[in-house]
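Student: Shown below is the structure under consideration.
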Protein chains: 2
Amino acid sequence: MKKIYSVLFLFVITSVFSQKEDSVMVRKIYDYYLTQSKAYSNLEYLTTKIGGRLSGSPQAEQAVGWAVKAMYDAGADTVIWQPCMVPYWVRGKREKCLMSSAKLKIKDKALNCCALGSSVGTNAGGVKAKVVMVNSFEELEKLGEKEIKGKIVFYNVFFNQAHVRPGTAYGESVKYRGRGASHAAKYGAVASMVRSMTSVADDEPHTGNMIYDSTISKTKITSIAISYKAADALVEALKEDKDLTVYIETHCVTNPDVLSYNIIGQINGTERKNEYLIAGGHLDSWDNGQGAHDDGAGVVQTIEMLSMFKKLGIKPKHSIRAVAFMNEENGLAGGTAYGKAAQDKKEKHLAALETDAGGYSPRAFGVDTTFGLYNKVIKWKDLFSPYLIANIEKGGGGADLIGLEKTGVPCIGFEPDTQRYFDIHHTAQDTFDKINKRELNLGAGAIGALFYLLDKYY
Amino acid sequence: MKKIYSVLFLFVITSVFSQKEDSVMVRKIYDYYLTQSKAYSNLEYLTTKIGGRLSGSPQAEQAVGWAVKAMYDAGADTVIWQPCMVPYWVRGKREKCLMSSAKLKIKDKALNCCALGSSVGTNAGGVKAKVVMVNSFEELEKLGEKEIKGKIVFYNVFFNQAHVRPGTAYGESVKYRGRGASHAAKYGAVASMVRSMTSVADDEPHTGNMIYDSTISKTKITSIAISYKAADALVEALKEDKDLTVYIETHCVTNPDVLSYNIIGQINGTERKNEYLIAGGHLDSWDNGQGAHDDGAGVVQTIEMLSMFKKLGIKPKHSIRAVAFMNEENGLAGGTAYGKAAQDKKEKHLAALETDAGGYSPRAFGVDTTFGLYNKVIKWKDLFSPYLIANIEKGGGGADLIGLEKTGVPCIGFEPDTQRYFDIHHTAQDTFDKINKRELNLGAGAIGALFYLLDKYY
């Protein structure tokens, strides 16, 4: 009995000691991020010198080159160019969306708009037709071909503002952006429009990817988003004149796929070099803004993790990777390629994190419950609570981790405060000036501290 | 025994049922705030139509009138004008701070600056002198009269960025703004300057109140803040030329105190009308910006609480008050007057909350542990966790509650995310466009839900 007590006592003492030790180390890690991090200046370069960088574009290729250098500068032992074929969709000349109504004496009133990613262009001729407004696919189905054929379908779906997390509202409405055109085409529509997916009543159109789903319709019609205010104006006008017309002109072109890369910066593990802990964001962004919050922030946060290990002289047992994924926005080619390569090379991934919800003040981690990852991380809750990470939630991941998740790697999502995210998401307003340096670094710090602990306790 | 079990069973069932009931009601309250609240449009009016509103100014008086109307519009049963005498300090003509160095061939280089609140003006003649830079009062004391007499003291104190909460850094450095001039005057300095109290390296000067402390020195010298970048420029120049001079010209005037008001909007309690639950922010703001985050946000959040009770048809047992305090920024006359009136009239205050840390995304409540208030609120932690209030911390209050705290009323501070607060605090950048509607309403919702629960369970 005495022996058991002694062992127990030793266990408790060791545990208390290591908690204290961890808390000192976590403080040291945050000191680094809050006073020495280069995440902010790295992001300034990526967003203001390179700018928007849609897959396949010259800017995306510049970003690839930049990421390689940034990874080496951060102290990576190895930087890997991981190839993937990506779509090369080009927006082309500025889109037009013009509303006209003889009854209302409106002629060619411009509605702020943008073509959706992957959509086909109308080219110079454009498309002009009456508008059918719907609030759901169910409404569309009820109207049927008789009401829709030859017309433009307008999905007037608002964000449900009652949700505490705007991401929930986005999740509910993004399907109209995604497959709205195919559903409309099924009933003979000539074009498809969506109210921008946004929390805020402004005049910015929000782009984003769409998919021509051949299981729904084989016809590809043009597909645009109009701003919240433009949508309001259209709704008002439709109340007075159901026969008003809208003219849409887009000049998008989908070029053949091109070769691009994920960039992987690695610090080699001292004990188990072939076991990996990875954290990533995506390097590509939409073309209309600077891709600051989406997702330059995630890229520089994870690159900074390499710097932190190096600058603090921490030699990880496992190999630590920062991954700048390519093509999250319109294809997930990078995430898929990473997963496939990991499987082909039989790389053992212990955990994978993605940061792709903006460079805002940290709130939580979402952690997969598989392979004991959640049970491990939840024990560190008190270590994080002084640093604004108030919750460790169940279930994690990110779009770029798709390839790893398929093979059963437990994933983590970094969760910042997202109240402002969908105001600027996929718009010309996603620019560097919306980034707060301390918020960016506190997020980076959370990721850095988590990876220090993951490496120590795996 | 059976009876005890039955009672216990009944207790558990009742408790589970009332938790469920509360959670449904809290959701309903947040639905109101997220979809119907007028806090944002109220704030737009206060900040853009009235603007900066320092105590005693015509704008402050306009704001008083506005607050009365806003309280009635929100459904107050009674609106009370509570008088208080407030200082009437006027900045006057734009301040000048010009650096010159023969050695560096710099002549009258402008350093962005602003006079500190309550400071005396130099008037047209200005003050020109050499500069002594110090990092602390200890350094100042060591230099003594010999080094300081006839010179301008420059407190070059940075925010310690390693703090997770910028408010901690503010707390450390604000004493140089507060009594720096008196300490400098003690050794014969002719003027006093501080590096702006800020997290961000920009060119905005941050004003704020200062105090001529006659226990330190009876001499009143002019006192200004220069921007972070101006401070950097001065530091660099001083490295090369210790004999450079700075010219300061300010035109501030302190007029006689004037009559102003706290505005109190009240919903009368149905059962205990003479017991009060109050939530407030401060109506006055600095003159250089629009006082949006500091503290128009707090004012409209608490006014909205009245609307919420009315619109949802909740008849509180106790009297609920929204208080728009006057003169938080340079005197606390309103907070003091409120406390005194409460004492004189023997008003029983059960709890008092202040929201004065910006209209940002909510994080926590800080709650006094006296009279069981903390023990009450901590039980509701799970009710708040879906709404971004992750913590109920010990210890609360706010500057305007000074009068009530003295009489032992337990206080609560609403704590939003403050990473961006000190970037714009007391500057021309504290404007309406920095407000995010959802963040403002989520903060208002937290306060509204808390007051619903306080009223129910007191």
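Taken together, the values in this text are just the output of simple stated rules run on the coordinates, not laboratory data. In this text the structure is predicted, and so the values were computed from the model without any measurement. Cβ: placed from backbone, ideal geometry, glycine included. Neighbour counts: every protein chain shown.
Student: Among all cysteines in chain B, which have no other cysteine Cβ under 4.7 Å from their own Cβ?
Tutor: Among the cysteines of chain B, those whose Cβ sits 4.7 Å or more from every other are B:Cys84, B:Cys114, B:Cys252, B:Cys411.
Student: How do the peptides B:303-310, A:199-206, A:269-276 rank, highest first, by the average count of neighbouring beta carbon atoms within 10 Å per residue? Walk me through the intermediate numbers first.
Tutor: Working: B:303-310: 26.0, A:199-206: 20.6, A:269-276: 15.0.
Top to bottom by mean Cβ count within 10 Å: B:303-310, A:199-206, A:269-276.
Student: Below 10 angstrom from the Cβ of A:Gly331, what's the summed charge of the other residues (Lys, Arg +1; Asp, Glu -1)?
Tutor: Values: positive: none; negative: A:Asp257, A:Asp284, A:Glu328, A:Glu329.
Once positives and negatives cancel, what remains is -4.
Student: Take B:Glu347, A:Glu172 and order them by how many other Cβ atoms sit within 10 Å, fewest up front.
Tutor: A:Glu172, B:Glu347
Student: For the rotation that brings chain A onto chain B, whose beta-carbon in chain A is nearest the axis, and what is that distance in whole angstrom?
Tutor: Minimum Cβ distance to the axis, with residue: A:Ala390, 2.
Student: What is the helix-to-structure angle for A:437-457, meaning the angle in degrees between its Cα long axis and the longest Cα principal axis of chain A, kept from 0 to 90 and rounded to the nearest 10?
Tutor: Compared with the principal axis, the helix lies near 50 degrees.
Student: To the nearest whole percent, what portion of all C-alpha pairs in the range B:205-307 is separated by more than 17 angstrom?
Tutor: Taking all Cα-Cα pairs of the range B:205-307, the fraction more than 17 Å apart is 74 percent.
Student: Hey, another quick one. Distance between the C-alpha centers of the range A:414-458 and the range B:118-175? Whole Å please.
Tutor: 35 Å
Student: For A:Leu111, what residues show an amide H to amide H distance below 5 Å, using hydrogens built from the backbone and excluding near sequence neighbours?
Tutor: Amide H neighbours of A:Leu111: A:Cys97, A:Leu98, A:Met99.
Student: Straight-line reach only, C-alpha to C-alpha below 13 angstrom: list the aspartates and glutamates that B:Lys93 could link to, leaving out same-chain residues fewer than 8 apart.
Tutor: Answer for B:Lys93, where 13 Å is the Cα cut-off: B:Glu249, B:Asp287, listed by chain and number.
Student: What number, in percent, do you get for the relative contact order of chain A if the mean sequence gap of Cα pairs under 8 Å and at least 6 apart is divided by its residue count?
Tutor: Reported relative contact order: 21 percent.
Student: Set Lys and Arg Cβ to +1 and Asp and Glu Cβ to -1, take the dipole of the range B:353-400 about its Cα centre, and tell me which of B:Gly396, B:Gly372, B:Leu353 lies farthest positive.
Tutor: B:Gly372
Student: I need the inter-copy label distances for B:Glu21: point set 7 Å along Cα to C-beta, values in nm with one decimal, smallest first.
Tutor: For B:Glu21, the inter-copy label distances come out at 5.3 nm.
Student: Within the set B:Lys175/B:Lys434; A:Lys317/A:Lys348; A:Lys142/A:Lys186, which residue pairs have Cα atoms separated by over 20 Å?
Tutor: The answer is B:Lys175/B:Lys434.
Student: Can I ask one more? Regarding the range A:97-251, what whole-number volume in Å³ per residue does the convex hull of its Cα atoms give?
Tutor: Values: hull volume 16.1 nm³, N = 155.
Considering the Cα atoms of the range A:97-251, their hull volume per residue is 104 Å³.
Student: Here is a further query. Give me A:Glu329, A:Glu61, A:Glu147 ranked fewest to most by other Cβ atoms within 10 Å of their Cβ, as a rough exposure proxy.
Tutor: Listing A:Glu329, A:Glu61, A:Glu147 from fewest to most nearby Cβ atoms yields A:Glu147, A:Glu61, A:Glu329.
Student: Please get the size of the charge dipole for the range B:92-251, origin at its Cα centre, with Cβ charges of +1 on Lys and Arg and -1 on Asp and Glu, quoted in debye to the nearest 20.
Tutor: 400 debye
Student: Could you work out the relative contact order of the range B:92-251? I mean the mean sequence separation of Cα pairs under 8 Å and 6+ apart, divided by the number of residues, in percent.
Tutor: Details: 371 pairs, mean separation 61.4, N = 160.
Across the range B:92-251, relative contact order equals 38 percent.
Student: Taking K and R as +1 and D and E as -1, what net charge do the other residues with C-beta under 11 Å from the C-beta of B:Glu304 add up to? Please list the in-between numbers first.
Tutor: Numbers: positive: B:Lys38, B:Lys310, B:Lys311; negative: B:Asp73.
Neighbourhood net charge equals +2.
Student: For A:Pro58, go 7 angstrom from Cα along the Cα-to-Cβ vector, then report the distances to that same point in the other copies in nm, smallest first.
Tutor: Counterpart label points of A:Pro58 in the remaining copies fall at 5.6 nm.
Student: Using the structure shown, select from A:Lys69/A:Lys311; A:Lys96/A:Lys220; A:Lys311/B:Lys239 the pairs with a Cα to Cα distance greater than 24 angstrom. Before the final figure, lay out each step's value.
Tutor: Working: A:Lys69/A:Lys311 17 Å; A:Lys96/A:Lys220 19 Å; A:Lys311/B:Lys239 29 Å.
Long pairs (Cα-Cα over 24 Å): A:Lys311/B:Lys239.
Student: Also: Under 5 Å between amide H atoms, partner at least 5 residues away or on a different chain: which partners does B:Cys84 have, H built in plane at 1.01 Å?
Tutor: Amide H to amide H, under 5 Å and 5 or more residues apart or across chains, B:Cys84 pairs with B:Ser260, B:Tyr261, B:Asn262.
Student: Here's something else I'd like to know. Add -39500 (n - 2.57) for each DSSP H run of 4 or more in chain B, then divide by its residues: what number comes out at 222 nm, to the nearest 500 deg cm²/dmol?
Tutor: Details: 13 runs with 169 residues, N = 458.
Taken over chain B, the calculation gives -11500 deg cm²/dmol.
Student: Could you give the size of the charge dipole of the protein assembly as shown about its Cα centre, using +1 on the Cβ of each K and R and -1 on the Cβ of each D and E, expressed in debye and rounded to the nearest 20?
Tutor: So the dipole magnitude of the protein assembly as shown works out to roughly 940 debye.
Student: Size of the dipole of chain A about the Cα centre, Lys and Arg at +1 and Asp and Glu at -1 on the beta carbon, nothing else charged, in debye to 20?
Tutor: Dipole of chain A, to the nearest 20 debye: 540 debye.
Student: Which order results if A:Met85, A:Met99 are arranged by neighbouring Cβ count within 10 Å, fewest first? Intermediate results must be reported in sequence, preceding the final value.
Tutor: Values: A:Met85 16, A:Met99 23.
Lowest to highest Cβ neighbour count: A:Met85, A:Met99.
Student: Sticking with this structure for a sec: Where the centre of each part is set by its Cα atoms, how far does the range A:193-220 sit from the range A:244-281, in angstrom?
Tutor: If we compute the Cα centre of each part, the gap is 21 Å.
Student: Using r as the Cβ-Cβ distance of B:Lys130 and A:Lys28, and R0 as 45 Å, what FRET efficiency do you calculate, to the nearest 0.05?
Tutor: E(calc), rounded to 0.05, equals 0.65.
Student: Work out the charge dipole of the protein assembly as shown with +1 on the Cβ of Lys and Arg and -1 on the Cβ of Asp and Glu about the Cα centre, then indicate which of B:Thr250, A:Ile264, A:Ala124 is farthest towards its positive end.
Tutor: Result: A:Ile264, furthest along the dipole toward the positive end.
Student: I want the local charge near A:Glu393. Using Cβ-Cβ distances under 12 Å, sum +1 for each Lys or Arg and -1 for each Asp or Glu among the other residues.
Tutor: On the way: positive: A:Arg165, A:Arg363, A:Lys381, A:Lys394; negative: A:Asp368, A:Glu415.
Once positives and negatives cancel, what remains is +2.
Student: Another question about this same structure. What's the angle, to the nearest 10 degrees (0 to 90), between helix A:2-35's Cα axis and the longest principal axis of chain A?
Tutor: Approximately 50 degrees, to the nearest 10.
Student: In terms of Cα to Cα distance under 12 Å, which aspartates and glutamates are near enough to A:Lys103, apart from those fewer than 8 places away along the same chain?
Tutor: Straight-distance partners of A:Lys103: A:Glu240, A:Asp241, A:Asp243.
Student: To two decimal places, what compactness ratio does chain A give when its Cα radius of gyration is scaled by 2.2 N^0.38 Å?
Tutor: Details: Rg = 24.3 Å, N = 458, 2.2 N^0.38 = 22.6 Å.
Its radius of gyration relative to the 2.2 N^0.38 Å reference: 1.07.
Student: Once the label point is set 7 Å along the Cα-to-beta-carbon vector, what list of distances in nm do you get between A:Asn255 and its counterparts in the other copies?
Tutor: For A:Asn255, the other copies' label points sit at 6.6 nm, shortest first.
Student: What angle, in degrees between 0 and 90 and rounded to the nearest 10, separates the Cα long axis of helix A:297-311 from the longest principal axis of the Cα atoms of chain A?
Tutor: Computed tilt is about 20 degrees.
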